[in-house]
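Peer 1: Here you go, one structure.
The values are calculated or read from the model by the stated rules, or taken from the named source; none is laboratory data. The model shown is predicted, which means the values in this text are computed figures rather than measured ones. Backbone-built Cβ (ideal geometry, glycine too); neighbour counts: all protein chains shown. Surface areas here come from the heavy atoms of the whole protein model, side chains and all, with no ligands, DNA or RNA. Shrake-Rupley method; radii C 1.70, N 1.55, O 1.52, S 1.80 Å.
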Amino acid sequence: MKPEESATTGADLLVKALIDEEVEVVFGYPGGAVLPIYDSIFKQNRLRHILVRHEQAAVHAAEGYARSTGKVGVVLVTSGPGATNAVTGLTDALMDSIPIVCLTGQVPTHLIGNDAFQEADTTGITRPCTKHNYLVKAVGDLARTVHEAFYVARSGRPGPVVIDLPKDVLMNKHDYVAPKKPVQHKSYRPQTKPDPKKIEQAVEMIAHAKRPIFYAGGGIINSGPKASKLLTQFVRMTGYPVTNTLMGLGAFPASDKQFLGMLGMHGTYEANLAMHGCDVMINIGARFDDRITGNLGKFSPGSKKIHVDIDPSSINKNVRVDLPIVGDATLVLEEMIKVWKAKQPKTDQKALKAWWAEIETWRARNCLAYKSEKGTIKPQYALERLYHHIKDKDHYITTEVGQHQMWAAQFLKFEQPNRWMTSGGLGTMGYGFPAAMGVQIAHPDALVIDVAGEASILMNIQELSTVAQYRLPVKIFILNNQYMGMVRQWQELLHGSRYSESYMESLPDFVKLAEAFGAKGLRCHEPEKLDDTIKEMIALKHPVVVDVIVDQKENCFPMIPSGAAHNDMLLGPDDKAQKPVSEEGMVLV
Amino acid sequence: MQELASSHTISVLVDNEPGILARVVGLFSGRGYNIESLTVAQTDAKENLSRITIVTSGTPMVIEQIKAQLDRLVPVHRVRDLTVEGPHIERELALVKVKSTGEKRVEALRLADVFRAKVIDAKTDSFVFEVTGNSDKVQTFVGLMETLGLVDVGRTGIVAMSRGAEQL
Ligand SMILES: Cc1cc2nc3c(=O)[nH]c(=O)nc-3n(C[C@H](O)[C@H](O)[C@H](O)COP(=O)(O)OP(=O)(O)OC[C@H]3O[C@@H](n4cnc5c(N)ncnc54)[C@H](O)[C@@H]3O)c2cc1C
Ligand SMILES: Cc1ncc(C[n+]2csc(CCOP(=O)(O)OP(=O)(O)O)c2C)c(N)n1
Ligand SMILES: [Mg+2]
């Protein structure tokens with residue numbers, strides 16, 4: 001066979017490469033520059049395309065798909081506005097370490113730089129919001145680039161990768177190059193195996209702790225479900241307390257007595273005080289984010305810190321640690337367990353007993369308690385009831401951003417990894433609904449619920465059309481407080497209750513809105529009817545929008561005000577800050 | 001405890017591909033790090049590698065972050081902090097144009113000789129000198145020329161290398 005005969009167009013090569021990377025679904029939106037790819041998709045039936053209604057939603061859907069399966073999420077958008085619309089999603093995926101490959105159309109190579117129709121400098125725009133990006137200038141580089149992009153997206157610390165594809169490259173012909181396994185990249189080689197000496201040192205430190213705490217984050221989820229199993233095993237072997245970040249929820253079973261709940265700005269009293277007072281902190285796959293540390297100068301002042309992370313740039317970025325360990329959480333935990341078993345260390349039972357006793361007094365404060373009011377649905381109550389009805393069902397939760405997100409983190413319990421998708425690092429309103437679509441595509445029979453705020457949901461509401469088209473039975477559970485509640489809470493705390501532009505005027509009728517899109521709409525005002533509404537929502541095999549009218553003025557507690565230390569938290573509405581928030585604190589977000 | 005900022009010379013070996021400089025510079029501007037000097041050119045045609053030399057300053061924690069962030073870029077092969085990894089040499093080249101006549105012209109030429117600067121262009125009323133050395137020497141030479149009719153200066157920025165046989 002002559003090479004011309006075997007040669008394939010760039011677009012066909014691309015589809016072949018995606019199939020070879022075991023891609024099953026692509027979330028996308030067409031346009032002029034990617035028409036050849038859409039033509040190739042049309043001519044085959046291995047690759048499924050989900051047509052979203054906005055490119056931002058395509059990326060969030062791919063994120064939900066990726067986070068709930070551990071696979072790479074794939075996005076396809078056109079040049080110019082298609083690519084720029086994807087930028088928020090890409091940034092979101094970068095901040096939360098989600099593996100994404102985003103294919104963007106581009107004007108033909110000979111027009112690049114000419115301000116051609118729908119031209120944007122996509123590699124320039126996305127350079128700071130991707131883990132890496134490529135502009136493919138010759139069809140001969142296409143297949144190899146796609147395989148490399150998947151490798152970069154999924155390995156090491158995962159993240160989004162953009163491949164910019166000029167239209168002529170998609171139409172030119174070339175032979176296909178199959179992926180090489182195992183991949184040996186010439187410069188990119190993330191370290192996954194930990195240094196054995198450091199594991200020994202870590203076990204030594206952990207064994208001698210008197211007031212230890214495990215602080216586990218999203219890196220455990222990134223590492224795969226085995227990491228959660230190993231974490232659980234190791235934590236139970238030691239008998240030590242454990243807390244999870246927002247991104248790490250599900251890494252350790254929430255119902256376990258050793259679990260102190262989430263830590264950080266809206267974390268539990270016991271988790272934050274244990275972090276503050278510990279003598280040995282074992283951070284695995286968490287990045288000392290500012291929502292966690294609060295005032296850095298006062299963060300866990302008396303502790304020796306071990307930090308396990310696959311990305312050396314996460315270590316010693318915000319907090320100086322005593323024992324850094326670069327490696328993949330699964331491999332590190334495996335080694336730690338091995339060494340622990342071999343050494344059979346005797347932990348200081350007396351000290352640990354005293355530590356747990358102290359923790360129990362903190363736990364007894366019952367920091368998540370809230371005051372019920374007759375006739376009003378408290379948002380916390382709504383989530384408690386929701387959890388009651390879903391806990392025995394195969395379920396996945398996504399959220400938007402705001403108070404409802406924090407309450408969801410506090411009141412829903414996660415027993416397994418990959419069940420909780422939320423926008424942590426970027427805090428992107430509009431994330432939850434498209435993410436839920438992606439989850440539902442990956443898990444067609446599961447119960448997938450987006451816990452939403454009435455403001456956030458409007459940011460990607462157009463996706464109701466997508467769920468209608470693909471009959472995705474996603475549930476949107478709106479905690480409607482008629483406010484950008486999180487904004488209102490900060491205005492109350494920091495700006496003398498001047499609620500500037502945080503009231504949601506002219507909200508749509510969410511029930512009618514749902515119906516307009518062919519979804520089902522439900523509304524609930526009364527606490528007594530809530531259970532029935534939730535049951536109805538679950539029973540419906542359609543997309544459902546539930547408008548739960550909740551208390552407008554409820555605030556999310558506990559809260560560590562900006563710039564304060566962990567032991568300076570507000571526990572409830574009657575708890576006034578000991579000092580007013582400092583000017584230093586005011587400038588923080 | 002407030003850590004003190006200090007200057008570091010960092011060598012970075014990268015794939016010589018489009019956009020690589022933008023990646024490195026974007027990293028510095030996006031994360032608010034200083035660039036005091038930056039040089040880049042292809043150094044290995046066979047492997048298509050470029051060597052970037054960056055002089056930056058920061059506290060030890062910031063310098064450690066800068067190195068980790070550079071190392072994280074996909075096309076980066078190696079990052080070496082020459083300042084902490086043992087003795088090294090730094091050189092810079094400058095082209096210095098001086099316009100003067102009479103006594104000043106003679107003095108410029110005499111100083112050029114002292115600094116081992118070469119005359120690479122001469123007209124009856126001007127010189128272009130080429131001077132190499134560490135940055136202090138280059139700076140001193142340029143400073144001296146200011147009173148002697150300095151017109152233009154072009155500096156390469158610093159290139160640096162460790163002493164001894166070891167490869168980057
Ligand atoms: C309104 C709002 C309020 C918030 N309040 C809180 C709060 O109260 N508490 C809270 O916890 N968060 C809160 N967040 C989220 C917060 O902003 C951060 O996103 C979150 O704390 C970061 O989680 P993480 O430290 O687990 O890191 P992630 O962002 O999940 O990062 C994972 C880390 O693990 C590493 N890693 C990746 N893969 C591996 C692997 N295989 N092995 C080892 N390491 C790996 C990565 O390099 C990275 O350092 C809030 C967000 C919003 C929007
Ligand atoms: C895209 C985007 N714009 C602005 C913000 C700032 N912000 C954070 S929470 C919030 C209010 C969210 O309101 P709602 O969705 O009703 O949730 P609630 O806090 O009321 O539960 C805003 C505006 C954001 N996080 N994302
Ligand atoms: Mg609201």
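Peer 1: By DSSP, what percent of the beta bridges with both residues in chain A are antiparallel, rounded to the nearest 5? Walk me through the intermediate numbers first.
Peer 2: Numbers: 4 of 69 bridges.
That works out to approximately 5 percent antiparallel.
Peer 1: Just to verify a number: FRET efficiency for A:ASN567 and A:ASP348, C-beta to C-beta distance, R0 = 25 Å, to 0.05? Present the calculation step by step, with values, prior to reporting the outcome.
Peer 2: Numbers: r = 24 Å, r/R0 = 0.94.
Approximately 0.60, to the nearest 0.05.
Peer 1: Give me the distance in nm between label points sitting 7 Å out from Cα along the Cα-to-Cβ direction at B:LEU4 and A:ARG320, one decimal.
Peer 2: Between B:LEU4 and A:ARG320, the label points sit 1.5 nm apart.
Peer 1: Heavy-atom accessible area per residue, the stretch B:24-168, 1.4 Å probe: how many Å²? Could you put the intermediate results ahead of the total?
Peer 2: Values: 7880 Å² over 145 residues.
Per-residue value: 54 Å².
Peer 1: Output the relative contact order of chain A, whole-number percent, from Cα pairs under 8 angstrom with separation of 6+ residues. Mind showing how you got there, number by number?
Peer 2: Values: 1299 pairs, mean separation 79.6, N = 589.
Once normalised by length, the contact order is 14 percent.
Peer 1: Quick one: the Cα spread of the protein assembly as shown along its three principal axes, in angstroms, biggest first?
Peer 2: Principal extents (Cα only, largest first): 100, 71, 59 Å.
Peer 1: I'd like the per residue volume of the convex hull spanned by the Cα atoms of chain B, given in cubic angstrom. It would help to have the intermediate numbers written out before the result.
Peer 2: Details: hull volume 25.6 nm³, N = 168.
So the per-residue Cα hull volume is 152 Å³.
Peer 1: Something else now. In nm, to one decimal, how far is the B:LYS99 label point from the A:ARG144 one, both placed 7 Å along Cα→Cβ?
Peer 2: 5.2
Peer 1: Taking a 1.4 Å probe, which of A:SER562, B:SER162 shows the most accessible area, and what order do the others take after it? It would help to have the intermediate numbers written out before the result.
Peer 2: Values: A:SER562 15, B:SER162 40 Å².
Per-residue accessible area, sorted high to low, gives B:SER162, A:SER562.
Peer 1: To the nearest 0.05, what FRET efficiency results for B:THR132 and B:VAL25 with a Förster distance of 35 Å applied to their C-beta separation? Walk me through the numbers on the way to the answer.
Peer 2: Details: r = 25 Å, r/R0 = 0.72.
The calculated FRET efficiency here is 0.90.
Peer 1: Give the aspartates and glutamates reachable from A:LYS173 as a straight Cα distance under 12 Å; neighbours fewer than 8 places away on the same chain don't count.
Peer 2: Those aspartates and glutamates meeting the cut-off are A:GLU4, A:GLU5, A:ASP12, A:ASP141.
Peer 1: Apply the a/c threshold of 1.5 to the C-alpha gyration tensor of the stretch B:88-138 and tell me whether it is rounded, prolate or oblate. Intermediate values should be presented prior to the final figure.
Peer 2: Working: a/c = 3.11, a/b = 2.14, b/c = 1.45.
Cα axes put the stretch B:88-138 in the prolate bin.
Peer 1: Amide H neighbours of A:ILE50 under 5 Å, counting only residues 5+ apart in sequence or on other chains, H built in-plane at 1.01 Å?
Peer 2: Counting only residues 5 or more places away or on other chains, the set is A:VAL26, A:PHE27, A:GLY28.
Peer 1: Assuming R0 = 25 Å, what is the FRET efficiency of A:SER187 and B:LYS46, from their Cβ-Cβ distance, to the nearest 0.05?
Peer 2: Details: r = 16 Å, r/R0 = 0.62.
Here the calculated transfer efficiency is 0.95.
Peer 1: Something else now. Which value, in Å², gives the accessible area per residue of chain A when a 1.4 Å probe is used on the protein heavy atoms?
Peer 2: Working: 23680 Å² over 589 residues.
Value returned for chain A: 40 Å² of accessible area per residue.
Peer 1: What quantity of accessible surface, computed with a 1.4 Å probe and excluding non-protein components, is buried in total between chains A and B, in Å² to the nearest 100?
Peer 2: 1500
Peer 1: Would you kindly give the portion of the calculated P(r) for the stretch A:264-352 that falls above 17 Å, as a percent of all Cα pairs? Intermediate values should be presented prior to the final figure.
Peer 2: Details: 2162 of 3916 pairs.
In whole percent, the share of Cα-Cα pairs in the stretch A:264-352 beyond 17 Å is 55.
Peer 1: If I stretch the segment between A:GLU384 and A:SER372 completely, what's the gain in nm (0.36 nm per residue apart, minus their alpha carbon distance), one decimal? Don't skip to the answer; put the middle values down first.
Peer 2: Numbers: separation 12, 0.36 × 12 = 4.32 nm, distance 1.25 nm.
Computed gain between A:GLU384 and A:SER372 is 3.1 nm.
Peer 1: Could you rank A:HIS389, A:HIS566 by how accessible they are, 1.4 Å probe, largest area first? The partial results should precede the final answer.
Peer 2: Working: A:HIS389 30, A:HIS566 5 Å².
I get A:HIS389, A:HIS566, largest accessible area first.
Peer 1: Kindly tabulate the residues in the stretch B:8-30 with an accessible-area decrease of at least 50 Å² between the chain alone and the assembly of all protein chains, using a probe of 1.4 Å.
Peer 2: B:ARG23
Peer 1: If you place +1 on the Cβ of every Lys and Arg, -1 on the Cβ of every Asp and Glu, and leave all else neutral, what size is the dipole of the protein assembly as shown about its Cα centre, to the nearest 20 Debye?
Peer 2: Details: 85 positive and 87 negative charges, 349 e Å.
Dipole size: approximately 1680 debye.
Peer 1: In whole angstrom, note down how far apart the Cα centers of the stretch A:345-417 and the stretch A:108-178 are.
Peer 2: 44
Peer 1: Let me ask another. Using per-residue counts of other Cβ atoms within 10 Å, averaged over each peptide, order A:136-149, A:467-480, A:88-101 from highest down.
Peer 2: Working: A:136-149: 21.0, A:467-480: 22.8, A:88-101: 26.4.
Per-residue mean Cβ counts within 10 Å order the peptides as A:88-101, A:467-480, A:136-149.
Peer 1: Once every DSSP H run of n ≥ 4 in the protein assembly as shown is given -39500 (n - 2.57) and the sum is divided by its residues, what mean residue ellipticity at 222 nm do you get, rounded to the nearest 500 deg cm²/dmol?
Peer 2: Values: 28 runs with 278 residues, N = 757.
That calculation yields -11000 deg cm²/dmol at 222 nm.
Peer 1: Could you pull the accessible area for A:ASP12 with a 1.4 Å probe, rounded to 10 Å²?
Peer 2: 50
Peer 1: Still on this structure: Taking a threshold of 32 Å on the Cα-Cα distance, which of the pairs A:LYS71/A:LYS137; A:LYS181/A:LYS413; A:LYS43/A:LYS226; A:LYS304/A:LYS341 fall above it? Before the final figure, lay out the partial values.
Peer 2: Details: A:LYS71/A:LYS137 27 Å; A:LYS181/A:LYS413 39 Å; A:LYS43/A:LYS226 38 Å; A:LYS304/A:LYS341 23 Å.
Beyond 32 Å between Cα atoms: A:LYS181/A:LYS413; A:LYS43/A:LYS226.
Peer 1: If eta is 0.890 mPa s and T is 25 °C, what Stokes-Einstein diffusion coefficient results for the stretch B:5-80, Kirkwood Rh from Cα pairs, in µm²/s?
Peer 2: Numbers: Rh = 12.4 Å.
Diffusion coefficient, whole number: 198 µm²/s.
Peer 1: Calculate one ³J(HN,Hα) per residue across the stretch A:132-138 by plugging θ = phi - 60° into the Karplus curve 6.51 cos²θ - 1.76 cosθ + 1.60, and present them in order as whole Hz with x for glycine and proline.
Peer 2: With the stated coefficients, the stretch A:132-138 comes to 7, 9, 9, 10, 8, 9, 9 Hz.
Peer 1: DSSP beta bridges in the stretch A:444-556, what fraction antiparallel, as a percent rounded to 5? List each step's numbers first, then the result.
Peer 2: Values: 1 of 17 bridges.
The answer is about 5 percent antiparallel.
Peer 1: Starting from the Cα of A:ASP20, step 7 Å along the direction of its Cβ; do the same at A:GLN469; then give the gap between the two resulting points in nm.
Peer 2: The answer from the label model is 3.0 nm.
Peer 1: Given the options A:GLN440, A:ALA539, B:LEU13, identify the residue whose Cα lies farthest towards the positive end of the charge dipole of the protein assembly as shown (+1 on Cβ of Lys, Arg; -1 on Cβ of Asp, Glu).
Peer 2: Working it through, the farthest residue towards the positive pole turns out to be B:LEU13.
Peer 1: Give the lysines whose C-alpha is closer than 18 Å to that of A:LYS553, dropping any in the same chain fewer than 8 places away, or say none.
Peer 2: Partners within reach: A:LYS371, A:LYS374, A:LYS378, A:LYS576.
Peer 1: So for B:LYS104, B:LYS137, A:LYS338, what's the accessible-area order with a 1.4 Å probe, most first? Before the final figure, lay out the partial values.
Peer 2: Details: B:LYS104 100, B:LYS137 65, A:LYS338 125 Å².
Output order, biggest surface exposure first: A:LYS338, B:LYS104, B:LYS137.
Peer 1: Tally up the carbon and sulfur contribution to the accessible surface of chain A as a whole percent, 1.4 Å probe, everything protein left in place.
Peer 2: Numbers: 12470 of 23680 Å².
The nonpolar share, carbon plus sulfur, comes to 53 percent.
Peer 1: Can you pull out the trypsin sites (Lys or Arg not before Pro) in the stretch A:484-519 whose DSSP state is coil and whose Cβ has at most 11 other Cβ atoms within 10 Å? Don't jump to the answer; show the numbers that get you there.
Peer 2: Numbers: sites: A:ARG488, A:ARG498, A:LYS512; in loops: A:ARG498.
When the trypsin sites (Lys or Arg not before Pro) of the stretch A:484-519 are filtered for loop state and at most 11 Cβ neighbours within 10 Å, A:ARG498 remain.
Peer 1: Let me ask something else about it. Once you keep just the Cα pairs under 8 angstrom separated by 6 or more residues, what percentage relative contact order results for the stretch A:248-311?
Peer 2: On the way: 65 pairs, mean separation 20.6, N = 64.
Relative CO of the stretch A:248-311 lands at 32 percent.
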